[in-house]
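The values are calculated or read from the model by the stated rules, or taken from the named source; none is laboratory data. Here the structure is a predicted model, which means the values were calculated and not measured.
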Amino acid sequence: MEPGPGAPPRFMPALVWNWSKIALRKVRRQKAYSFINVAGLDVGRANLELGVRLGIIVIISTGIAAGRKSPIPRPISWPT
């Protein structure tokens, strides 16, 4: 038997289904506010992604640089 048009699908608990209906209703009613929220989340996600990528690049580049030998040997100077 197929669920009706307003009934939740079988795999979704009722609480999640009700939450999603309320969220979609708010998005439809408050379009500008929803756009600002989604844009802010997207900017935050992009910043986090950029930070992770830069961190990975720094870790990889320092690992590669640490593996190389300097062409000019520098004398070790001990602090006095």
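Of the residues 74, 10, 45, 68, which single one is charged (D, E, K, R) and at pLDDT 95 or above? Spell out how you get there, then give the answer.
Details: 74 fails: at pLDDT 95 or above; 10 fails: at pLDDT 95 or above; 68 fails: at pLDDT 95 or above.
Testing whether each residue is charged (D, E, K, R) and at pLDDT 95 or above leaves just 45.
Here are the criteria: (1) part of a helix (DSSP H, G or I); (2) modelled with pLDDT under 90. Tell me which single one residue 51 does not satisfy.
(2)
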